[in-house]
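Presented below is the structure to which this report refers.
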Amino acid sequence: MKQLTFFGNLLGNLLWKMKYFRYKIKVIPDNPAPGTLGRNIVYVVGSNKFVKWAYLKCPCGCEEIIMLPLSKVQRPSWSVKRDFIGRATIMPSIFKLDGCKSHFWIKKGKVEWT
């Protein structure tokens, strides 16, 4: 994942706070404790060069934590991308098989329900 420039980071944070987009990415070095996850943030575990997992709270409001493997050797796996202003895109779609059974995409920081 590319390093954000100062301007892109500043602009991204401003647009996120104004709710222009819903999901931004935060890279963290280790798995987060469940009680520390914020809403509308995709936590990527690893570094800007190597990523392992992505964590986020379900956007339906059920507050369940979704954990996605990002390693290409594991199946299934997802990819997470961050654009210039920090918007998250996750591929492929996320389909919870238990609980609320939500099925959605996150594209350019916005949730698209299927």
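Restricting the range 23-114 to chymotrypsin sites (Phe, Trp or Tyr not before Pro) that sit in a DSSP loop and have at most 13 other Cβ atoms within 10 Å of their own Cβ leaves 50, 84. Only helices enter this figure: runs of n ≥ 4 DSSP H residues, each worth -39500 (n - 2.57), summed and divided by the residues of the chain, yield -3500 deg cm²/dmol at 222 nm to the nearest 500. Element breakdown for the range 25-114 at a 1.4 angstrom probe: carbon and sulfur atoms account for 57% of the accessible area. For the range 2-107, the Cα gyration tensor yields ellipsoid semi-axes of 21, 17, 13 Å (square root of five times each eigenvalue, largest first, whole Å). For the range 60-86, the residues whose backbone nitrogen is under 14 Å from a point 7 Å from the Cα of residue 111, taken along Cα to Cβ, are 60-66. Relative contact order of the chain, taken over Cα pairs closer than 8 Å and 6 or more residues apart, is 24 percent. Solvent exposure of the chain amounts to 62 Å² per residue of accessible area, where only protein heavy atoms count and the probe is 1.4 Å. Computed on the range 59-99, the Cα convex hull volume stands at 91 Å³ per residue. Residue 67 contributes about 100 Å² of solvent-accessible surface, heavy atoms of the protein only, 1.4 Å probe. Listed by chain and number, the aspartates and glutamates whose alpha-carbon sits under 13 Å from that of residue 26, ignoring those within fewer than 8 places in the same chain, are 83.
The values are calculated or read from the model by the stated rules, or taken from the named source; none is laboratory data. These figures come from a predicted structure and were not determined experimentally. We place every Cβ from the backbone using ideal geometry, glycine too, and count neighbours over all the protein chains shown. What goes into the accessible areas is simple: the full protein's heavy atoms, side chains included, and nothing from ligands, DNA or RNA. Shrake-Rupley method; radii C 1.70, N 1.55, O 1.52, S 1.80 Å.
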